[in-house]
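Peer 1: Here it is: the structure, laid out below.
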Amino acid sequence: MDSTEGDVARVGRGVLQGDPLSATLFVLAVLPLQLLLQDIVGQDGALALCADDIAMVLKLRRHFFMASNLFERQEKASGLTLGCSKCALIPLY
């Protein structure tokens, strides 16, 4: 490689899966979400994240709505979407 400039590479949206930057960018997008979810879950619930999976145990119904609103805001900010077809809501009462 020499020091001449080449064509400009424009990225329209995101990076390809398998790109070395992919995992780092994912962590940067998900870490704030994890911290905000932990605030919602609090001491009475439980939160577990593994790769792109999230499991929560919420004690109060309002916590569900707070988490749902947070997922919507995260989607708008990062482009990450919640795969609702892979979600389950299980009442524990």
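Peer 1: Could you go through region 37-46 and let me know if any residue there is open to solvent by 80 Å² or more (accessible area, probe 1.4 Å), farther than 24 Å from residue 15 by Cβ and modelled with pLDDT of 90 or more.
Peer 2: Yes; the residues of region 37-46 include at least one that is open to solvent by 80 Å² or more (accessible area, probe 1.4 Å), farther than 24 Å from residue 15 by Cβ and modelled with pLDDT of 90 or more.
Peer 1: While we're here: Scan region 47-65 for residues that are of a type in the set (D, E, K, R), exposed (fewer than 12 other Cβ atoms within 10 Å of the Cβ) and without any contact (Cβ under 8 Å) to a residue 24 or more places away in the chain and jot them down.
Peer 2: 53, 61, 62
The values are calculated or read from the model by the stated rules, or taken from the named source; none is laboratory data. Everything numeric in this text was worked out from a predicted model, so none of it was measured. Cβ atoms come from the backbone with ideal geometry, glycine included; neighbour counts cover every protein chain shown. Ligands, DNA and RNA are stripped out before the accessible areas are found, and what is left, the full protein with its side chains, is counted by its heavy atoms. Shrake-Rupley method; radii C 1.70, N 1.55, O 1.52, S 1.80 Å.
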